[in-house]
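S.K.: Supplied in structure tokens, the structure appears directly below.
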Amino acid sequence: MQEPKKYEFLDDTFYTKVRNVLEEARKRTYRHIQSEMVLSYWQIGKMIVEKQGGNHRAGYGEGLLKELAAKLTKDYGRGFTDRSLEQMRKFYLLFQKSNAVRAELSWTHYRLLMSLDDENARNFYIKEAIEGNWSTRQLEREISTFSYQRYMASKGNHDVVEDTAKKEDPIDPKNIIKDPYVLDFVGLKPDSSFYEKDLEQALITHLNEFLLELGNGFTFVARQRRFDMDGRNFYVDLVLYNYKLKCFVLIDLKRGDLTHQDIGQMQMYVNYYTRELMEPGDNPPIGIVLCTSKSDTLVRYTLPLDNKQIYASKYMLYLPKEEDLQNEMNKQMKLLEEAGEYKEE
């Protein structure tokens, strides 16, 4: 075992002080980016409302968002869809006084708050989130467990809020690079390595190569393809397009036991691609969920809800059989294990 390196001139106390300077600077940077993002989105929302002049439901209003989204997406990336611009518009309408926008809360906090119709509930969660330094996950949990309603039913007993609060570690400034909204805002391109563990990354790489080598009409589209829904980000591990089937093929890799939530999530992916990304002439997407462990590999196909039997029969001609996928994944896991890169958790 290699002994830790000894430093002749550097003591732990001095190093800790230097490290604290850097950590505090990172935290200030994170807070500054978040506050600038929130303020700029509020300003964009205000400009959209004023430009629409009350005609947001008419063709002009909708057309403005689509054209603005197209130009912004071209110049600044995919974080500026017409749906995102509509959220900025809604943000301004809900918080029309700029001093009502709190710098302590991130854009993701506000996306969650905008899902609430009750202004009193929004104000309650804003106050609690700031005072409790809630993460976005904690805010989402408090909303989903009806903390405000329980607080009101208890006639102001704050213990009902504390009872559900799950204290979390402060935000690690290094994780700023993992926030897709921040990446979009500062103009950085997402990197799949930000989101994947080494095992998943290796297996998905091998799976991608395996499917492309089959020669059954697969073309590569994306890895870790992000889309957002109701303020939450989702990532499809691997997206391919099969030009013989004329459809997207979505693949997700799960570790541990396959659950009904995994199947339901893939069905959501399939539905999203069906409604948002299919082009004229495309067939509905197909989802494949792979569940891997050291002892077993399970494969489940997810078809569109309105699937036709003819289409179901046709896709089997070009998609690999379950046993082929199982054998390939088991082979790759064995190779990774022999290389010392795979350990059962």
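S.K.: Using label points projected 7 Å from each Cα along Cα→Cβ, tell me how many nm separate residue 154 and residue 47, to one decimal.
M.R.: In this crude label model, residue 154 to residue 47 measures out at 4.5 nm.
S.K.: Follow-up question, since we're still on this one. Would you mind computing, in nm to one decimal, how far apart the modelled labels at residue 229 and residue 100 are, each placed 7 Å from Cα along Cα→Cβ?
M.R.: 3.1
S.K.: Now for a different question. Quick check for me: using +1 on Lys/Arg Cβ and -1 on Asp/Glu Cβ, what's the dipole size of the stretch 57-103 about its Cα centre, in debye to the nearest 20?
M.R.: Details: 10 positive and 5 negative charges, 35 e Å.
Roughly 160 debye for the stretch 57-103.
S.K.: Okay, next question. Among 66/97; 246/331; 71/97; 74/246; 254/331; 51/71, which pairs are too far apart, with a Cα-Cα distance over 19 Å?
M.R.: Working: 66/97 26 Å; 246/331 29 Å; 71/97 28 Å; 74/246 27 Å; 254/331 17 Å; 51/71 16 Å.
Listed pairs above 19 Å: 66/97; 246/331; 71/97; 74/246.
Computed from the coordinates by the stated procedures, all read-outs in this text should not be read as laboratory data. As the structure is a computational prediction, the values presented were derived from the model and not from experiment. Cβ sites come from the backbone with ideal geometry, for glycine too, and all protein chains shown count toward neighbours.
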